[in-house]
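Inspection log for the structure reproduced underneath, given as structure tokens.
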Amino acid sequence: MYLECHNLNFTYPGNTTAVINNLSFSMKDPGFNALFGPSGVGKTSLAKMIANAKFRSDGDITTGNIDTILYSYNLERLPGWSSTGNHLDKVTAPEKQSLKEQLTGIFELNDVLGSRFSQLSMGQQNRINLIRYLLQEFDLLIMDESLANVDEKLRETIILAIKEVFSDKMFLYISHNLLEVSKFCSQILVFRKSSENKNSFVIEGQDCKKGYSLDKKQLDATMLEIMNAF
Amino acid sequence: MRKIMFMFLLFLWVFLSAVPSFARTTQLNYRLKWLFNTSVAGDIYADAKGFFNDVGLNVTVKEGSPEKNAINELELGHADFGVASADQVIRALDKGAKIVVIAQLFQVNPMQWIYRTDKPEIKTLQDLKGRNIGITFGGNDETIMNTIFAKAGIARQEVTITGVRFDFTPFFKKKVDVWPVYRNSQGVILKDKLAKAGEDVYFFNPSDFGVNFVANSVITSADMLKNNPDIVEKFLSALLNGWEAAMDPANEADVLKAVKQKDKEANDEIRQKQLNATRSLIKPSAAMKIGTIDLPAWTQTEQMMLKERQIKKPVNIGSCLIQIK
Amino acid sequence: MLFRRIYQFLIVYSVAIAFLWMIKMGLSLSDYVIPGFSLVVETAGQVFKEYFFDVINTLSVAVLGQALSIVLAFTVGISGRKSSWIGSFIKVTAYNIQAYPIVALAPIIFILLGDGFIPRLMIASMICYFPLLLSVLGIMATPVENIEHFYIVTGRMRWQLEVKIRAFENLSKLTTVISGSATLAMAGTIVGEFIAANAGIGYSIRIALYQSDLAKILVALFMIGIIISIYQGILETLGEQMKSKWSISNGGEVL
């Protein structure tokens with residue numbers, strides 16, 4: 001399984017400055033990877049281009065053993081005419097029911113399944129949205145700020161669970177959280193402004209798994225490496 | 001000093017020029033009942049030929065329409081004289097309007113019914129039985145026809161009544177046999193149209209059977225008569241002279257020319273036929289003076305309206321009819 | 001909501017009629033031009049029952065016409081929502097026709113189809129169809145990206161789901177336009193009847209006009225106002241109930 005990008009360029013229509021300038025990187029093997037960088041640098045644009053060929057303009061994105069790519073983001077909503085549990089049931093295949101129950105337990109959403117989407121807090125909304133993507137068939141899931149407004153402890157629980165349950169899948173986690181990304185991600189694409197004329201490149205993260213013991217020195221080194229990349 | 005004197009004299013000259021002309025002509029508004037057509041030939045002719053100017057009156061003759069009501073305009077001060085039908089006058093008097101009738105234009109009511117000659121002629125009122133008769137609900141024709149039924153002792157179930165409005169399709173399609181028309185306007189057009197299709201028509205005239213419902217008459221406010229009797233007299237004499245001239249066959253070509261300028265509807269041939277029909281209704285005999293008020297007809301009209309509950313109480317119509325010599 | 005509509009109308013009507021009476025007093029007009037209070041009350045007593053049934057008659061035509069136009073507008077709006085040539089054609093046609101005073105067609109419709117229920121129904125539905133269609137088209141043609149995205153990327157999107165999502169997200173707009181088209185339908189039906197029908201309150205008003213009976217017209221206007229206020233109030237209440245049943249306002253209870 002691999003995701004590769006060769007000399008990718010992208011400019012928004014009507015703009016003169018390219019958002020993505022000659023980007024090349026490679027990510028191999030299933031794993032929980034990250035796309036890290038400051039706001040407005042083009043992470044979402046890259047994510048959309050990876051997920052959907054029609055957004056690509058110039059350059060090449062190739063994949064191996066990745067048939068289905070899904071892109072999810074934090075502003076998504078579920079329809080409001082019935083409960084979230086109902087909606088979740090409708091999009092869950094029968095063979096994934098037990099997985100659904102497992103995930104709703106881990107994500108601490110069992111109590112809200114009877115409520116409508118608009119009654120949930122933002123954190124709950126993002127979690128329920130993420131669950132429904134996890135219950136679909138995919139090889140690569142791009143999570144664009146999908147755990148925004150979720151507290152740190154629960155985010156850790158969720159990420160570790162995802163890594164355990166979906167160990168054969170690739171994830172691309174878009175986040176601003178340096179510590180989290182350094183701790184849990186395997187490969188981190190550090191994304192920089194195209195105007196800076198510096199290459200984006202992949203850094204190895206700590207890739208902590210369930211039951212991990214944290215090597216603080218290593219973690220600091222990773223974080224420093226990422227910071228130095230800017 | 002010279003400059004001031006010159007300005008003063010100039011002003012005086014302008015003023016003196018204006019004052020006599022103001023004293024010579026009085027501005028009046030005269031609201032008709034309906035649109036300009038041959039039915040108001042006399043009103044158009046009086047205006048076109050300067051009958052009003054000759055007596056020192058500057059009269060604006062305004063055509064009527066469904067929304068405009070001469071009686072309302074008299075009360076609101078928008079008109080000085082007007083044309084209204086007898087039912088309008090009597091209804092207004094019943095509601096406390098202070099108006100008077102100074103001339104009756106139509107001696108014979110143009111409101112009649114047209115029917116094809118393929119059905120027997122209506123020679124007695126009993127001949128109406130079994131016919132499909134068109135009536136404009138709420139209109140004069142409804143009042144007239146109800147009076148006819150009452151007079152003839154015809155029960156409602158012995159005839160078929162169909163509510164009609166502006167389009168003649170049910171009559172053309174022979175769904176309705178007896179159709180209400182104004183004899184001297186639509187009546188002429190319909191007769192002509194059917195003649196072209198090889199069909200002939202009769203006209204059912206209620207007044208042939210003693211049912212006289214007065215039609216259009218000239219009105220003014222009681223105040224106008226009281227405060228300006230001389231203007232009323234001048235206006236009426238000019239108007240009736242205009243009508244006499246318009247109804248004179250010798251002036252026919254001239255009258256038709258004047259009407260044509262205002263009447264956007266009919267063609268020349270139709271207009272000429274309409275004028276002939278109008279003449280027979282306005283001045284049925286040479287001896288008849290146009291504008292003569294037919295008191296018995298007015299009284300009968302008032303009685304008909306009282307019976308049909310169109311008015312709550314008698315209005316003593318005789319006291320509001322002013323025959324100006 | 002219902003009571004608010006009714007008393008709002010009563011206030012407006014009372015103010016208008018008081019204004020008329022002020023003019024009557026000021027200009028010393030007879031009852032023929034502006035009827036006095038006692039004449040209006042007396043006339044009301046005479047025609048109230050007849051006019052009530054006339055208004056109900058007109059309202060039933062208007063309601064049916066509106067229902068028909070809602071069904072038609074949704075059908076055409078849903079079909080025309082894509083930006084295919086037929087969708088664009090429908091949009092352009094609707095924009096142009098909705099500016100045309102449909103009641104001006106009333107005489108032609110009555111001539112061709114005669115008096116009766118069907119031509120009145122046609123006029124009522126045509127009057128409110130085009131504004132409804134435009135709203136439905138606008139709603140159905142505008143994606144709700146945040147909700148539709150999941151279904152599109154997972155291949156679960158169907159046209160029924162798309163319509164349901166877009167209708168639900170714009171429920172407020174839809175109930176407003178439907179409620180507004182009620183007045184349009186009623187006004188249009190009355191005008192159509194006034195011009196050319198032989199039944200309904202518009203027809204009764206025309207007869208009153210023939211007779212220059214302003215008292216009858218004022219009574220008719222009162223009946224129309226009251227009934228339409230009740231009808232609109234009912235529609236708005238139904239709309240609110242539907243909204244509260246199908247959605248809960250944002251910022252609801254946090255669990």
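Figures for the structure shown
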| read-out | value |
| --- | --- |
| Derived scalar couplings ³J(HN,Hα) [the stretch B:101-115; Karplus, 6.51 cos²θ - 1.76 cosθ + 1.60; whole Hz; x for Gly, Pro] | 9, 10, 6, 10, 6, 8, 7, 10, 5, x, 6, 9, 10, 9, 8 |
| Net charge dipole size for the protein assembly as shown [Lys, Arg +1 and Asp, Glu -1 on Cβ; Debye, nearest 20] | 1260 debye |
| Segment B:Arg156-B:Asp118, length gained on full extension (0.36 nm per residue, minus Cα span) | 11.3 nm |
| Sites B:Arg309 and C:Ser79 - FRET efficiency at Förster radius 41 Å, r taken between beta-carbons, to 0.05 | 0.15 |
| Value of Rg to Rh for chain C (Rh from inverse mean 1/r over Cα pairs, i.e. Kirkwood) | 1.08 |
| Residues whose placed amide H lies under 5 Å from that of B:Val181, excluding near-sequence neighbours | B:Gln112, B:Trp113, B:Ile114 |
| Cα gyration tensor category, rounded, prolate or oblate, for the protein assembly as shown with a/c compared to 1.5 | prolate |
| Acute angle (nearest 10 degrees) that the helix B:2-24 long axis makes with the longest principal axis of chain B, alpha-carbon atoms | 30 degrees |
| Calculated [θ] (222 nm, deg cm²/dmol) that DSSP helices of n ≥ 4 give over chain B, each run adding -39,500 (n - 2.57) | -13500 deg cm²/dmol |
| Anisotropy class of the stretch B:186-325 from Cα gyration tensor, a/c 1.5 cut | oblate |
| Anchor B:Lys119: lysines whose Cα lies under 30 Å away (excluding residues fewer than 8 positions away in-chain) | B:Lys129, B:Lys151, B:Lys173, B:Lys174, B:Lys175, B:Lys191, B:Lys193, B:Lys196, B:Lys273 |
| Inter-site label distance for B:Thr169 and C:Ser88 at 7 Å from Cα along Cβ, in nm | 3.8 nm |
| For A:Met122, A:Met170, order by how many other beta-carbon atoms lie within 10 Å, fewest first | A:Met122, A:Met170 |
| Separation in nanometres of the label points that stand 7 Å from Cα toward Cβ, at B:Gln323 and B:Lys226 | 2.5 nm |
| Distance between modelled label sites at C:Leu161 and A:Lys96, nm, 7 Å Cα→Cβ extension | 1.2 nm |
| Per-residue ³J(HN,Hα) for the stretch C:202-207, Karplus 6.51 cos²θ - 1.76 cosθ + 1.60, θ = phi - 60°, Hz, x for Gly and Pro | x, 5, 4, 5, 5, 4 |
| Entries in B:Lys49/B:Lys234; A:Lys100/A:Lys210; A:Lys153/A:Lys183; B:Lys95/B:Lys312; B:Lys33/B:Lys62; A:Lys48/C:Lys82 that, when Cα-Cα distance is taken, lie over 18 Å | A:Lys100/A:Lys210; A:Lys48/C:Lys82 |
| Fluctuation leader among A:Leu23, A:Leu141, A:Leu189 - chain A, Gaussian network, Cα springs under 10 angstrom | A:Leu23 |
| Using alpha-carbon coordinates, inclination of helix C:214-246 to the longest axis of chain C, degrees | 20 degrees |
| Exercise: per-residue mean of other protein chain Cβ atoms within 10 Å, B:86-99 | 4 |
| Helix-only [θ]222 nm of chain A, DSSP H runs n ≥ 4, -39500 (n - 2.57) each, per residue, nearest 500 | -9500 deg cm²/dmol |
| Shielding by partners, peptide A:74-80 (average Cβ within 10 angstrom, other chains) | 6 |
| Pairwise FRET efficiency - C:Gln98 versus B:Lys129, Cβ, R0 = 56 Å, nearest 0.05 | 0.60 |
| At R0 = 35 Å, FRET efficiency that the Cβ-Cβ distance of A:Lys209 and A:Thr17 yields, to 0.05 | 0.30 |
| Phi to ³J(HN,Hα) by Karplus 6.51 cos²θ - 1.76 cosθ + 1.60 over the stretch C:2-18, Hz, x for Gly, Pro | 5, 5, 4, 4, 5, 6, 4, 5, 4, 5, 4, 5, 4, 4, 4, 6, 5 |
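Coordinate-derived values only; no laboratory data. Bear in mind the structure is a predicted one, so any value in this text is a computation, not a measurement. Don't worry about glycine lacking a Cβ; one is built from the backbone with ideal geometry, like all the others, and counts go over all protein chains shown.
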